[in-house]
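Asks: Structure below; questions to follow.
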Amino acid sequence: MFLIDISGSMEDNDKLGKAKSAGLDGIGEMQENRRRGQDNSVVSVWTFGGECSPQDVREILPFTKNLSQAETIFRTKIPKPTGATPLFTAINLSVDRMTDYLAPRAAISEGRIVVLTDGVNTCDDQIRPRGVYSQSQTIIYQRIKFYCIGFDIEPGSQAERDLQYLASSSGGKYFPARDSQQLRRVFQKVVRVYQPKVSGNESGTQSIVKRDF
């Protein structure tokens with residue numbers, strides 16, 4: 001699930017345009033993985049920005065295996081930037097949606113929520129350190145991980161610490177990105193499938209691939 005910030009600040013220096021281009025690179029990486037027979041992922045696209053209400057967290061693309069459709073969404077269907085940054089609400093709604101999707105699909109080993117934002121949550125409660133994401137204490141034991149991208153966020157700022165907290169509490173990872181080139185690399189890293197070379201220890205290799213350790 002791609003969760004993209006479309007708050008007003010994403011209009012500065014065409015940040016949203018750069019985010020959409022990076023998203024297309026990420027989808028391209030998934031398509032390449034699929035051509036190699038290494039990926040069978042489904043993808044969903046959400047946005048958040050506007051007022052501090054659930055209505056401003058939108059599911060733009062429901063879960064689908066159609067990567068061409070995901071490309072179209074990134075090219076033409078992402079709304080224009082506006083308003084505040086309801087990150088708190090977006091996180092809770094995305095966790096609920098991902099949980100509902102994964103629950104009947106035991107064969108899916110992991111759900112990744114890729115959060116891209118350029119600022120701090122401006123709605124509702126604080127993210128740290130009171131554990132306002134009630135799921136954060138259990139995500140690490142379940143199948144949801146957050147991969148958080150801080151786009152042009154000041155190092156050491158509250159916004160960065162919030163994203164680092166969210167990523168670490170779920171067993172995911174935080175990525176800073178200062179410019180469009182770094183942003184593209186991050187999207188590619190998040191969706192890349194690493195295939196270990198087969199050696200004499202076939203069972204060990206397969207354990208790594210399946211994360212059975």
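The values are calculated or read from the model by the stated rules, or taken from the named source; none is laboratory data. Quick caveat, the model's predicted, so the values are computed rather than measured. Positions of Cβ are generated from backbone atoms using ideal geometry, with glycine treated the same way; all protein chains shown enter the neighbour counts. We work out accessible area using only protein heavy atoms, side chains counted, and drop any ligands, DNA or RNA first. Shrake-Rupley method; radii C 1.70, N 1.55, O 1.52, S 1.80 Å.
Asks: If I ask for residues that are of a type in the set (S, T, N, Q) and surrounded by fewer than 22 Cβ atoms within 10 Å (Cβ to Cβ), which ones from region 81-106 would you list?
Replies: Thr82, Thr89, Asn92, Thr99
Asks: Moving on. Pairs only if they're at least six apart or on different chains, beta carbon under 7 angstrom, first in region 46-69 and of a type in the set (S, T, N, Q), second part of a strand (DSSP E or B) and surrounded by 14 or more Cβ atoms within 10 Å (Cβ to Cβ); list them, first residue then second.
Replies: Once the first residue is of a type in the set (S, T, N, Q) and sits in region 46-69, its partners that are part of a strand (DSSP E or B) and surrounded by 14 or more Cβ atoms within 10 Å (Cβ to Cβ) give Thr47/Ile4; Thr47/Arg58; Thr47/Ile60; Thr64/Val43; Gln69/Leu61.
Asks: Across region 138-168, which residue is most open to solvent (accessible area, probe 1.4 Å) among those that are within 20 Å of Ala19 (Cβ to Cβ) and assigned to a loop (DSSP other than H, G, I, E, B)?
Replies: Glu154
Asks: Does Arg75 meet the test of being among the charged types (D, E, K, R) and either surrounded by fewer than 16 Cβ atoms within 10 Å (Cβ to Cβ) or assigned to a loop (DSSP other than H, G, I, E, B) (or both)?
Replies: So Arg75 passes the test.
Asks: Taking the condition of being surrounded by 18 or more Cβ atoms within 10 Å (Cβ to Cβ), touching a residue at least 60 places away in the same chain (Cβ under 8 Å) and not in a strand (DSSP E or B), how many residues in region 107-122 meet it?
Replies: The qualifying residues number 2.
Asks: Quick check: anything in region 17-38 among the acidic types (Asp, Glu), within 18 Å of the chain's Cα centre (by Cα) and closer than 20 Å to Leu163 by Cα?
Replies: No.
Asks: Among the residues of region 169-183, are any in a helix (DSSP H, G or I), at pLDDT below 90 and out of contact with any Asp or Glu (no Cβ under 9 Å at 6 or more places or on another chain)?
Replies: Yes, because at least one residue in region 169-183 is in a helix (DSSP H, G or I), at pLDDT below 90 and out of contact with any Asp or Glu (no Cβ under 9 Å at 6 or more places or on another chain).
Asks: Name the residues in region 140-168 that are touching an Asp or Glu at 6+ places or on another chain (Cβ under 7 Å) and in contact (Cβ under 8 Å) with a residue 60 or more places away in the chain, would you?
Replies: Phe151, Asp152, listed by residue number.
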